[in-house]
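The values are calculated or read from the model by the stated rules, or taken from the named source; none is laboratory data. Values in this document were obtained by computation on a predicted structure and should not be read as measured data. Reconstructed Cβ throughout: ideal geometry from the backbone, glycine too, with neighbour counts over all protein chains shown. The protein model used for the area step is the full one, side chains on, heavy atoms only, and it has no ligands, DNA or RNA in it. Shrake-Rupley method; radii C 1.70, N 1.55, O 1.52, S 1.80 Å.
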There are 2 protein chains.
Amino acid sequence: MTKQNVPELYLDNQVCFPLYAASRLITKIYAPYLNELGITYPQYLVMLTLWQYGEQSVKTIGERLYLESNTLTPLLKRLEQKKLIMRARSKIDERTVLVSLTNKGREMKEKAKEIPGRIVESFDDKTITEEEISIFQKTLFKLLVVLNNKRNGNNLLDNLDLNAPGLAPR
Amino acid sequence: MTKQNVPELYLDNQVCFPLYAASRLITKIYAPYLNELGITYPQYLVMLTLWQYGEQSVKTIGERLYLESNTLTPLLKRLEQKKLIMRARSKIDERTVLVSLTNKGREMKEKAKEIPGRIVESFDDKTITEEEISIFQKTLFKLLVVLNNKRNGNNLLDNLDLNAPGLAPR
DNA sequence: TACATTTGAATCGCACACGATTTAATCGAT
DNA sequence: ATCGATTAAATCGTGTGCGATTCAAATGTA
């Protein structure tokens, strides 16, 4: 990508805006399904990390979702109000708040399991092939690594948690 | 293929979350450059549409950015306070509010022109090739079409404004 | 052991997003 | 021409995001 071709608006408008728009539209696709569970998309992501990894600190959740306490603390309080999670100071390190699932939170996982399938169904329109999505996902993943490293001001790939929900299988 | 491995979890967690995360990280990349101009990323997108198309209604801006008046009205009022735009009811249709650039808003374009190049520079790290980005952009574009059609509940591609900023060149 | 530094959450203020509703203007079928 | 339906903005309430700051706990170093 030479400077010459960039003049006005390549990555800028060709990628950044569509990414921003697609992200919002996808959240809207989830909304009706998540409404049935009574949670929002960001809250769903927190639940996903808890279902996958179990009890963990606010900081750890933040590293996995690329969010910080200023966003997570209020969000977690809302999940707590809904009796889906519990928050408790760690006995070992009083600075740390450990987040864990309640029974109600664990039970929600069963209902939530249907969601991915229902989302994929709604994309089953042959416009985009599975292979295309696969390639797309790989680049998206790389992009996330680059962006995350820019943000942290280093060149290590180590910073990306490969086990973050949705970043790697399993 | 067991339920566990079904591509279901695929689009869901493999694409949706990274898309959400990448979108936010990209906004953060823009922040320092936009700070120099005193505007936010969504405000920058509105300015882009005005620079590209000139005077247009709130509804039209919304169609181009996939936003509605509940988001745009307050945002436009902030741009108006900054003396970058003007808002005026249309004489022809009193329901419509026409948004246009002030001189200050027009002048900002010159400064803003540098931004795309500076953004692209920060991606010039060889991790992602130009071809990869090109393919990525194509799929992203298709995705946007599919998502937008889902949202509007029809199968026409016509709904997507191919001239939306960043969706197609020129 | 003191004590400055670092760290993890929380808090604060502002700006989106967006579902739902309201208001005013226009359209359209009779 | 009338009046119900539609349309464009605005308004309202809730929930993120995030930069900046605060606070308390833990850490490192003299």
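Yes or no, residue by residue, for (1) away from DNA strand C (no atom under 16 Å from the Cβ); (2) touching a Cys at 6+ places or on another chain (Cβ under 6 Å); (3) in contact (Cβ under 8 Å) with a residue 24 or more places away in the chain:
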site	(1), (2), (3)
A:Leu84	no, no, yes
A:Glu94	no, no, no
A:Val97	no, no, yes
A:Thr102	yes, no, no
A:Glu110	yes, no, no
A:Lys113	yes, no, no
A:Glu131	yes, no, no
A:Val145	yes, no, no
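One line per residue, one yes/no per condition, for (1) away from DNA strand D (no atom under 11 Å from the Cβ); (2) among the aliphatic types (A, V, I, L, M):
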| position | (1), (2) |
| --- | --- |
| A:Lys59 | yes, no |
| A:Leu67 | no, yes |
| A:Ile85 | yes, yes |
| A:Ser90 | no, no |
| A:Glu94 | no, no |
| A:Ile119 | yes, yes |
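The residue of the stretch A:115-129 that is farthest from A:Gly38 (Cα to Cα), among those that are in contact (Cβ under 8 Å) with a residue 40 or more places away in the chain and open to solvent by less than 30 Å² (accessible area, probe 1.4 Å), is A:Ser122.
Looking at B:Ala31, is it part of a helix (DSSP H, G or I), open to solvent by 30 Å² or more (accessible area, probe 1.4 Å) and within 11 Å of DNA strand D (Cβ to nearest atom)? Even if it seems obvious, please write down each step before you answer.
Working: part of a helix (DSSP H, G or I): yes; open to solvent by 30 Å² or more (accessible area, probe 1.4 Å): yes; within 11 Å of DNA strand D (Cβ to nearest atom): yes.
The answer is yes for B:Ala31.
Residues of the stretch B:64-89 that are more than 20 Å from the chain's Cα centre (by Cα) and in a strand (DSSP E or B): B:Met86, B:Arg87, B:Ala88, B:Arg89.
The rows are residues; the columns are (1) at the interface with another protein chain (Cβ under 7 Å from one of its Cβ atoms); (2) touching a strand residue (DSSP E or B) at 6+ places or on another chain (Cβ under 6 Å); (3) closer than 30 Å to B:Lys113 by Cβ.
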| site | (1), (2), (3) |
| --- | --- |
| A:Val15 | yes, no, yes |
| A:Tyr20 | yes, no, yes |
| A:Ser23 | yes, no, yes |
| A:Ile26 | yes, no, no |
| A:Asn35 | no, no, no |
| A:Gln43 | no, no, no |
| A:Val46 | no, no, no |
| A:Gln52 | no, no, no |
| A:Thr71 | no, no, no |
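Among the candidates A:Thr129, A:Thr40, A:Thr102, the residue that is under 15 Å from the mean Cα position of the chain (by Cα) and either of a type in the set (Val, Ile, Thr) or on the phi > 0 side of the Ramachandran plot (or both) is uniquely A:Thr40. Looking across A:Met86, A:Met1, one residue alone is in contact with a Ser or Thr (Cβ under 9 Å, 6 or more places away or on another chain), modelled with pLDDT under 95, over 25 Å from B:Asn148 (Cβ atoms) and not hydroxyl-bearing (Ser, Thr, Tyr). It is A:Met1.
Scan the stretch A:90-113 and tell me whether some residue there is assigned to a loop (DSSP other than H, G, I, E, B), at pLDDT below 95 and either open to solvent by less than 40 Å² (accessible area, probe 1.4 Å) or facing another protein chain (nearest Cβ under 10 Å) (or both). Within the stretch A:90-113, one or more residues are assigned to a loop (DSSP other than H, G, I, E, B), at pLDDT below 95 and either open to solvent by less than 40 Å² (accessible area, probe 1.4 Å) or facing another protein chain (nearest Cβ under 10 Å) (or both).
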